[in-house]
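S.K.: Before anything else, here's the structure in question.
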Amino acid sequence: MSAYPPEPWRIKMVEPIKATTREYREQAIRDAGWNPCLLRSEDVSIDLFTDSGTSAMSDRQWSALLRGDEAYAGARSFYVFEEAVRAHYGYEHVIPVHQGRGGENILSRCLIRPGTHIPGNMYFPSTRAHQELNGATFHDVIVDEAEDPRAALPFKGNVDLAKLRAVIAEFGELIPYVSLAATVNMAGGQPISVANLTEVCELAHAHGIPVFLDTARAVENAWFVKQREPGWGDRSLAEILLALCAPTDGAVMSAKKDSLVNIGGWIGLRDPALAERARGLVLLYEGLHTYGGMAGRDMEAIAAGIAESVDEAHMGARIAQLEYLGGRLDAEGVPIIHPIGGHCVCVDATATLPHIPRTRFAAQTLAAAVYVDAGIRGVERGGVSAGRDPVTGENRFPPLEFLRLAVPRRVYTRAHMDVVADSLIRVHRERDRITHGLEFAYEPDHLRFFQARFKPVSGSSIW
Ligand code: PLI
């Protein structure tokens, strides 16, 4: 099992965790329509629903908040933020947005027309939703192994260039851009190599197609490049981050992940004309182009967080914590996605609950069971998250159906990881007791996993 290095921080402020009983949690998950997202967070003991916006900020970030310039226009904090993004990600034009999906909305509105096609290395729900809302069809061109939980390739986020070539051959000028992610969330936080990303850009550019990168977890991706990609071991995370962004035409960033803040994001662009159009839409949907829906203090916290995110002691400890949790599950035969990714450990729900059919949402069912067992909240990543095909209205069932345990940065200790591992091991040992899956009691139109309510398919419980 991996070593667990001491965390490179001390705890200065704490948030009490409420103790709950199994009976209490059973009632809570019923009241939440069997959807952990609808639980009150005070009823959750260890919250691994997401690593997004849930990180602990450092004392430097908290003191940066006090420097926030809250001027409506031209705030000093914007220029601090702009400089930090330019220096670390290398994009000339930096356009603030309130969070990642705000940026996805703007970029999609700028570039997508009805009937267009967007290839990418696996979908992300909010990214694809904006692409589809603007009339595009998404094409997954990720390598086949990304869909196999047991395939332990170093770069399962890579694009299959043959698949990309085929999409380009078929749709050519109807492709407004290639949508890449580093790391790939829905594959379990799997990285893309610098070599593959560069080849994708060369291929796309040869056909006049720009490439935009989702940089939400690009620093985590840089860590894996440093560990795994020949030729990069001696380079700093900051250098690798710049190398990942360099061949791309722009990026959309949810700063709530790598950048260690609770809210914020940006669009980074090289083309001045596109940047001008994007700023125009930011004025309509986000806020002025020098705050984009953030407070001045949020931009200060991001600038400080970006600098901390490329610190190798920070990233090394983060990844080691995930490997420790995943290693414990692996050792006890709990089926997880390999290799362990950058922000999460993912439990293969299809392998855990093979008796629950896809239409009964095994990962959603497992999420409810794990919450009831020990108050741990994860998120379904499978049939519920995938939603319905906008054309046919049919449910989409992606090959991977898993419970994602996303670990917030600098929040939980090794003892918490042990509680999570013990609970997952227990639920896995007793998996045959989970006899019923779930069906929708209420199904929202968009991003349904957030607000859906479920009911057990028979009886009043999943047990
Ligand atoms: O939650 P936002 O709007 O700041 O960012 C949307 C978003 C875009 N891209 C990627 C790869 C994400 O992971 C992402 C948000 N992810 C969430 C909330 C998550 O729990 O993974």
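S.K.: Is it true that some residue in the stretch 27-38 is surrounded by fewer than 16 Cβ atoms within 10 Å (Cβ to Cβ) and either within 26 Å of the chain's Cα centre (by Cα) or among the hydroxyl-bearing types (Ser, Thr, Tyr) (or both)?
M.R.: To start, the set of residues in the stretch 27-38 that are surrounded by fewer than 16 Cβ atoms within 10 Å (Cβ to Cβ) comprises 27, 30-31.
From what is left, the residues that are either within 26 Å of the chain's Cα centre (by Cα) or among the hydroxyl-bearing types (Ser, Thr, Tyr) (or both) are none.
Looking for residues that are surrounded by fewer than 16 Cβ atoms within 10 Å (Cβ to Cβ) and either within 26 Å of the chain's Cα centre (by Cα) or among the hydroxyl-bearing types (Ser, Thr, Tyr) (or both), one finds none in the stretch 27-38, hence no.
S.K.: Look through ARG360, ARG277 and report the one residue that is over 30 Å from ALA243 (Cα atoms), open to solvent by 20 Å² or more (accessible area, probe 1.4 Å) and more than 16 Å from the ligand (Cβ to nearest atom).
M.R.: Values: ARG277 fails: over 30 Å from ALA243 (Cα atoms).
From the options ARG360, ARG277, the qualifying one is ARG360.
S.K.: So VAL261 clears everything in (1) open to solvent by 10 Å² or more (accessible area, probe 1.4 Å); (2) among the aliphatic types (A, V, I, L, M); (3) within 16 Å of the ligand (Cβ to nearest atom); (4) out of contact with any Leu (no Cβ under 9 Å at 6 or more places or on another chain) except one condition, right? Which one?
M.R.: Just one mismatch for VAL261, condition (1).
S.K.: If you take the residues of the stretch 100-119 that are away from the ligand (no atom under 16 Å from the Cβ) and assigned to a helix (DSSP H, G or I), which of them is surrounded by the fewest Cβ atoms within 10 Å (Cβ to Cβ)?
M.R.: My answer is CYS110.
S.K.: Only residues in the stretch 1-20 that are in contact (Cβ under 8 Å) with a residue 60 or more places away in the chain count as the first member; pair them with residues that are open to solvent by 100 Å² or more (accessible area, probe 1.4 Å), Cβ under 8 angstrom, at least 6 apart or cross-chain, and list the lot.
M.R.: The qualifying pairs are TYR4/ARG414.
S.K.: Could you count how many residues in the stretch 46-92 are open to solvent by 40 Å² or more (accessible area, probe 1.4 Å), among the polar types (S, T, N, Q) and either more than 30 Å from ASP373 (Cβ to Cβ) or more than 16 Å from the ligand (Cβ to nearest atom) (or both)?
M.R.: Number satisfying all stated conditions: 1.
S.K.: Mind listing whichever residues of the stretch 25-45 are away from the ligand (no atom under 16 Å from the Cβ) and of a type in the set (Ser, Thr, Tyr)?
M.R.: Quick first cut of the stretch 25-45, residues away from the ligand (no atom under 16 Å from the Cβ) only: 25-34, 40, 42-43, 45.
Scanning the stretch 25-45 gives a single hit, SER45.
S.K.: If you don't mind, another one. Across the stretch 385-405, what is the total count of residues that are assigned to a strand (DSSP E or B), within 16 Å of the ligand (Cβ to nearest atom) and of a type outside the set (D, E, K, R)? Spell out how you get there, then give the answer.
M.R.: So in the stretch 385-405, the residues assigned to a strand (DSSP E or B) come out as 388, 395, 402-405.
Next, from what is left, pick out any that are within 16 Å of the ligand (Cβ to nearest atom): 402-405.
So of that shortlist, the ones also of a type outside the set (D, E, K, R) come out as 402-403, 405.
Counting residues in the stretch 385-405 that are assigned to a strand (DSSP E or B), within 16 Å of the ligand (Cβ to nearest atom) and of a type outside the set (D, E, K, R) gives 3.
S.K.: Any residue in the stretch 215-232 that is of a type in the set (Ser, Thr, Tyr) sitting within a Cβ distance under 7 Å of a residue that is at pLDDT 95 or above? List the pairs, counting only those 6 or more apart or interchain.
M.R.: THR215/TYR89; THR215/ALA182; THR215/CYS245; THR215/ALA251; THR215/MET253
S.K.: Right, another one. Select from the stretch 5-26 the residues that are in contact with a helix residue (DSSP H, G or I) (Cβ under 7 Å, 6 or more places away or on another chain) and either among the aliphatic types (A, V, I, L, M) or open to solvent by 40 Å² or more (accessible area, probe 1.4 Å) (or both) and list them in ascending order. Give the steps one after another, and end with the answer.
M.R.: Quick first cut of the stretch 5-26, residues in contact with a helix residue (DSSP H, G or I) (Cβ under 7 Å, 6 or more places away or on another chain) only: 5, 7-8, 12, 18, 20, 22, 25-26.
Of everything in the stretch 5-26, those that are in contact with a helix residue (DSSP H, G or I) (Cβ under 7 Å, 6 or more places away or on another chain) and either among the aliphatic types (A, V, I, L, M) or open to solvent by 40 Å² or more (accessible area, probe 1.4 Å) (or both) turn out to be PRO5, GLU7, PRO8, LYS12, LYS18, ARG22, GLU26.
S.K.: Pairs only if they're at least six apart or on different chains, beta carbon under 6 angstrom, first in the stretch 424-442 and over 15 Å from GLY378 (Cβ atoms), second in a strand (DSSP E or B) and open to solvent by 40 Å² or more (accessible area, probe 1.4 Å); list them, first residue then second.
M.R.: Final answer for the pair search is ALA441/ARG453; ALA441/LYS455; TYR442/ARG453.
The values are calculated or read from the model by the stated rules, or taken from the named source; none is laboratory data. None of the values given here were measured: they were computed from a predicted structure. Because the Cβ atoms are built from the backbone with ideal geometry, glycine has one as well, and the counts that use them run over all protein chains shown. Only protein heavy atoms, including side chains, enter the accessible area calculation; ligands, DNA and RNA are left aside. Shrake-Rupley method; radii C 1.70, N 1.55, O 1.52, S 1.80 Å.
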